[in-house]
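Worksheet for the structure shown next.
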Amino acid sequence: MATATLPAHWYTDPTIAEQERHAIFAGNWALFGPEHEIAEPGAYVAQVINGWPLVVLRDHGGALRAFHNVCRHRAAALLGDGAGTCSRRITCPYHGWAYELDGRLHLAPRFGEDLDADENGLLTVRVEIWRSCVFVCIDDSAPDLTTWLGSIPAFCADYPETDDLDFHGGFTVEGRANWKTYCDNTVEGYHLPFVHARLSRAVEGASVEIKGHDDGRLTCFHVSYRGDGAALRGNTGLWFYRYPGFQAVIGPTGFKAERIEPVGARDLRSKSWAWYARVMSPEEAADSFAWAESIVQEDLGICETVQRNLEAGAYTNGLLSPAMEQHTATFQALVRQDLQAT
Ligand code: FES
Ligand SMILES: [Fe+2]
């Protein structure tokens, strides 16, 4: 039987978007970026993820650390967004509070003895690594990263580790669509022949098998390639989506990791990073990278038309095909469950 979609207003309502940030995104791990950007002592990357300004840095002892990028005095941003190198300490640009790279408060000018330094260190965020990718998690009670990844490492075990690949680069795509509009689309293959012409030519239609795992939190597309562009992807591969915002494409010739995140109720950001096997020529790697970005653009292009119509008011609910969109139904059930639990 067909399932009703989520109501249209769930894709436009700022109150629901704010509930989702806490009930869904805070308790899950988020892909922060590649580890090599934070390799040297003092190196940091600061960025806003799912509405939280965060910084991940390498301290002078070599440990990776993550903090909210917020001063404990009156909440100024400590570091500008982007990559950089900390000097010995992090000094707030507002009134000069200084923090050690392990987060301890070192100095609060003119506060004297009134201030308990132990109580006023930086707010920590959890940080772990998988396949050269840094992941962060806001919620201290969430499971560790390995547990959260569930079946993913086992599914990826047949493919080269990122250490055996070359990092190629990253790209960011921003668009006017709720994050769920994009994820509804991510977990179904129904749109593939209509939206992705080149990808459809490279995929053996009968050999895309979509399966749900880990209580529906993981959706895997097991794919065989043929024809146009197939050589860039190897013969077989895996596309997977891990609720709520981690997506990847992996195969014998490369790995692409993507973070999908809400930007308020009506916008989203997708950030991707790609690694390629050394057997690929620079031209092949560049073609594959441009192709990967065009797939995200194709998805976002159709999602922006959906979003416009969800906002317009004529459409309130639709139907999901039991044969072709059962994973979209599962995704929407997870969203309902997480929001009702708050
Ligand atoms: S807000 Fe950072 S020192 Fe005042
Ligand atoms: Fe797509």
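The values are calculated or read from the model by the stated rules, or taken from the named source; none is laboratory data. These numbers come from a predicted model, not from an experiment. With ideal geometry, Cβ positions are generated from the backbone for all residues, glycine too; neighbour counts draw on all protein chains shown.
Which residues, counting only those in the stretch 187-206, are near ligand 2 (Cβ under 10 Å from one of its atoms) and surrounded by fewer than 14 Cβ atoms within 10 Å (Cβ to Cβ)?
The answer is 194, and nothing else.
Please verify whether residue 48 is under 30 Å from residue 116 (Cβ atoms) and buried (at least 17 other Cβ atoms within 10 Å of the Cβ), treating the condition exactly as stated.
no
Within the stretch 216-230, can you find the residues that are over 12 Å from residue 187 (Cα atoms) and either touching a strand residue (DSSP E or B) at 6+ places or on another chain (Cβ under 8 Å) or without any contact (Cβ under 8 Å) to a residue 40 or more places away in the chain (or both)?
Across the stretch 216-230, the qualifying residues are 222, 223, 224, 225, 226, 227, 228, 230.
Just to be sure before I move on: is residue 55 in a strand (DSSP E or B), touching a residue at least 12 places away in the same chain (Cβ under 8 Å) and either within 16 Å of ligand 2 (Cβ to nearest atom) or surrounded by 15 or more Cβ atoms within 10 Å (Cβ to Cβ) (or both) in the structure I sent?
Yes: the conditions hold for residue 55.
Can you tell me which residue in the stretch 84-106 is farthest from ligand 2 (Cβ to nearest atom), limited to those that are of a type in the set (Phe, Trp, Tyr) and surrounded by 17 or more Cβ atoms within 10 Å (Cβ to Cβ)?
97
Take residue 122 and decide whether it is more than 16 Å from ligand 1 (Cβ to nearest atom), part of a loop (DSSP other than H, G, I, E, B) and outside the structural domain of residue 250 (by TED's automatic domain parsing).
no
Restricting to the stretch 90-114, what's the tally of residues that are within 13 Å of ligand 1 (Cβ to nearest atom) and under 22 Å from residue 134 (Cβ atoms)?
The qualifying residues number 2.
Quick one: what pairs do we get from the stretch 155-174, first residue closer than 27 Å to residue 214 by Cα, second assigned to a strand (DSSP E or B) and among the small types (Gly, Ala, Ser), C-beta under 8 Å, 6+ apart or different chains?
Close Cβ pairs (under 8 Å, with a partner that is assigned to a strand (DSSP E or B) and among the small types (Gly, Ala, Ser)) amount to 159/237; 159/251; 160/277.
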